[in-house]
Amino acid sequence: MATSKSEDILGQKWDRCVADTLIKIGGGLTLGVVFSAIIFKRRPWPLIFGLGAGAGMGYANCQHEFDEPFLVKAEKIFVKPKIPAAPEASPTEAQ
């Protein structure tokens, strides 16, 4: 079974994060150009809005990927010692 080094896993996460952010920025910029040219009479604010929305979505996805919400952290695991069950006396034996 091949194991991955932690720096390799971190490098893969960074690669996915950068690629995803660039795709989101490109999509936002493309939509900004389309809306600016067709609807808003070549105003610059749809370009800036699309760029910012794409960057924000990419940042949020990166933050979610680096947080790993479903990974159990070792600091949060508490081990309770087993307590042996003591034999209880029945009511008929106590009298």
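The values are calculated or read from the model by the stated rules, or taken from the named source; none is laboratory data. Not measured: the values here are computed from a predicted model. Cβ: placed from backbone, ideal geometry, glycine included. Neighbour counts: every protein chain shown. Surface accessibility is based on the protein's heavy atoms, side chains included, excluding ligands, DNA and RNA. Shrake-Rupley method; radii C 1.70, N 1.55, O 1.52, S 1.80 Å.
Structure above, values below:
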item	result
Odd one out for residue 68 among (1) modelled with pLDDT of 75 or more; (2) loosely packed, with under 13 Cβ neighbours inside 10 Å	(1)
Pairs, first within 16 Å of residue 27 (Cα to Cα) and open to solvent by less than 100 Å² (accessible area, probe 1.4 Å) in the range 38-52, second of a type in the set (Phe, Trp, Tyr) and in a helix (DSSP H, G or I), C-beta under 6 Å, six or more apart	46/35
Test result for residue 8, of a type in the set (D, E, K, R), open to solvent by less than 100 Å² (accessible area, probe 1.4 Å) and in contact (Cβ under 8 Å) with a residue 40 or more places away in the chain	no
Of all residues in the range 11-37 being open to solvent by less than 90 Å² (accessible area, probe 1.4 Å) and of a type in the set (Lys, Arg), the one that is modelled with the lowest pLDDT	13
Qualifying positions in the range 1-55 - of a type in the set (Ser, Thr, Tyr) and part of a loop (DSSP other than H, G, I, E, B)	3, 4
